[in-house]
Amino acid sequence: MISALDALERLRDGNRRFVSGVRSLDTLTSQTRRSEFVAGQEPFAVILGCSDSRVPVEIVFDQGLGDLFVIRVAGNIVAPSQIGSVEFAAERFGTRLVVILGHTRCGAVQATLEELQRPADSQSRNLRSIVDRIRPSVELLLATELRRDPDALARHAVRANVRVSVNYLRHGSEILERLIQSAGLMVVGAEYSLETGVVDFFDGMPQSG
């Protein structure tokens with residue numbers, strides 16, 4: 001079992017390679033080793049990210065088959081099914097790092113901001129369920145001066161949504177709370193920049209020094 005801190009460093013190294021346009025030999029050859037993963041898997045990190053086609057998690061972190069347990073949903077929201085998926089990976093595979101990965105210019109977050117400012121009558125109940133999950137994290141921002149600056153509002157809203165998802169994941173499951181307290185499970189929040197390719201880990205990070 002790889003520790004949360006070691007897993008975090010592995011993700012950071014992989015993202016640095018991605019930004020530099022370099023791929024590791026292990027990643028390139030992992031597809032030739034498909035048979036090794038038939039009997040089981042040992043992912044070193046769980047990534048709960050957005051469904052956005054511009055944020056393919058394995059590519060962004062330069063990882064191969066069997067490395068990451070990936071959950072993708074619009075707006076990287078945390079609902080019961082996502083919590084159950086994280087519990088499964090943490091208990092079944094011993095994965096000790098969970099990353100909530102948001103990204104700049106998130107369409108789901110933008111749709112939520114637009115809905116809060118200009119409610120639509122025609123929105124489907126399924127899409128509304130996503131908006132309703134994001135709403136609590138961003139509606140307070142509309143009561144601040146950020147409402148006068150749409151670009152700044154969108155940037156802050158993405159990170160606010162990640163923070164709420166991280167907090168909900170930490171405290172929305174007795175299983176995960178127990179693993180955090182006694183087994184070294186770490187849940188952190190990060191943001192992927194569409195503009196630079198860099199992943200910034202900004203929530204729940206261990207103090208240095």
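Amide H to amide H under 5 Å from VAL198: which residues, 5+ apart in sequence or cross-chain, H placed 1.01 Å off N in plane? The list, which skips near neighbours in sequence, is SER193. For the chain, the antiparallel share of DSSP beta bridges with both residues in that region comes to about 20%. About its Cα centre, the dipole of the stretch 140-209 is roughly 160 debye, where the only charges are +1 on Lys and Arg Cβ and -1 on Asp and Glu Cβ.
Going by average Cβ neighbours within 10 Å, how do the peptides 1-12, 33-44 rank, with the highest at the top?
So the order, starting with the most tightly packed, is 1-12, 33-44.
Comparing the stretch 81-194 with the 2.2 N^0.38 Å rule of thumb, its C-alpha radius of gyration ratio is 1.19 (two decimals). Here are a few candidate values for Rg and Dmax of the Cα atoms in Å: (i) 17.5, 56; (ii) 17.6, 61; (iii) 22.5, 83. Which one was actually calculated from the structure I just gave you? Given (i) 17.5, 56; (ii) 17.6, 61; (iii) 22.5, 83, the structure-derived one carries the label (i). For the stretch 1-81, the normalised intensity computed at q = 0.14 Å⁻¹ comes to -0.51 (log10 of I(q)/I(0), Debye sum over alpha carbons, equal scatterers, no solvent). Close amide H pairs (under 5 Å, H built 1.01 Å from N) link ASP203 with GLY189, residues at least 5 positions away or on another chain. Computed from backbone phi with θ = phi - 60° and the Karplus coefficients 6.51, -1.76 and 1.60, the 3J(HN,Hα) list for the stretch 25-38 is 5, 4, 5, 5, 9, 4, 5, 7, 10, 3, 4, 5, 9, 5 Hz; x is used for glycine and proline. When the P(r) is computed for the stretch 73-141, the part past 16 Å accounts for 54% of the Cα-Cα pairs.
Maximal additional length on extending the VAL22-ALA120 stretch stands at 30.8 nm, based on 0.36 nm per residue less the C-alpha distance. Annotation: amide H-H contacts under 5 Å for LEU48 (H modelled 1.01 Å from N, sequence separation of 5 or more, or interchain): ILE71, VAL99, ILE100, LEU101. Centre-to-centre, using Cα atoms only, the stretch 160-209 and the stretch 80-125 are separated by 13 Å. Which values of log₁₀ I(q)/I(0), to two decimal places, follow from the Debye formula for the stretch 142-181 at q = 0.23, 0.35 Å⁻¹ with a uniform point scatterer at every Cα? Here the Debye-derived log intensity ratios amount to -0.70, -1.04.
Every number in this text was worked out from the coordinates using simple rules, so none of it is lab data. Owing to the predicted nature of the structure, the values given are computational and were not obtained by experimental measurement. Every residue, glycine among them, receives a Cβ derived from its backbone with ideal geometry; neighbour counts consider all protein chains shown.
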